[in-house]
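Please read the structure below before turning to the comments.
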Amino acid sequence: MIEDFSLSPDRQNQQNLAEWAVKGAMINDAVDPHPRFFTDAECYTFKQKRTIPDRTLVFAARFTGRSLDSNGVDFSLIDPRSGDLLVRGHVYNVMVGKKG
């Protein structure tokens, strides 16, 4: 994928890619000075069993630009009327592209 070859990863390669992405997200979440998104229990379970937390989604897509970047950001959705916290999350992106 990094070499921009078109491929359709089988189920095991999709799982490996998802685990690799979650590991990166957990590391990014742990080193940034903010309230952590992943709990210690989720990190420990991932380390021991490679169990991806239920509240975690992984998306993979082809990137056609030129880049080598990884970054993360926290977000919160707050009800403007009540001020209640509706959703809190952490988004982690990895972009690798050699064309350009």
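The values are calculated or read from the model by the stated rules, or taken from the named source; none is laboratory data. Computed from a predicted model, the values in this text were never measured in an experiment. Glycine also receives a Cβ, built like all others from the backbone with ideal geometry; neighbour counts cover every protein chain displayed. Protein only, heavy atoms only, side chains kept; ligands, DNA and RNA dropped before computing areas. Shrake-Rupley method; radii C 1.70, N 1.55, O 1.52, S 1.80 Å.
Quick notes
- Single condition residue 57 does not satisfy, out of (1) open to solvent by 100 Å² or more (accessible area, probe 1.4 Å); (2) over 20 Å from residue 16 (Cα atoms): (2)
- Number of positions in the range 63-100 that are charged (D, E, K, R) and under 22 Å from the mean Cα position of the chain (by Cα): 5
- So residue 25, is it at pLDDT 90 or above, surrounded by fewer than 10 Cβ atoms within 10 Å (Cβ to Cβ), outside any loop (DSSP other than H, G, I, E, B) and out of contact with any Cys (no Cβ under 9 Å at 6 or more places or on another chain): no
- Considering only residues in the range 61-85 that are β-branched (Val, Ile, Thr) and open to solvent by 90 Å² or more (accessible area, probe 1.4 Å), the one that is modelled with the highest pLDDT turns out to be 78.
- Verdict on residue 88 being among the charged types (D, E, K, R), part of a strand (DSSP E or B) and either open to solvent by 60 Å² or more (accessible area, probe 1.4 Å) or free of Cβ contacts under 8 Å to residues at least 12 places away in the same chain (or both): yes
- The C-beta contact set for the range 28-45 (first residue open to solvent by less than 70 Å² (accessible area, probe 1.4 Å), second residue of a type in the set (Lys, Arg) and not in a loop (DSSP other than H, G, I, E, B), distance under 9 angstrom, 6+ apart or interchain) comprises 37/88.
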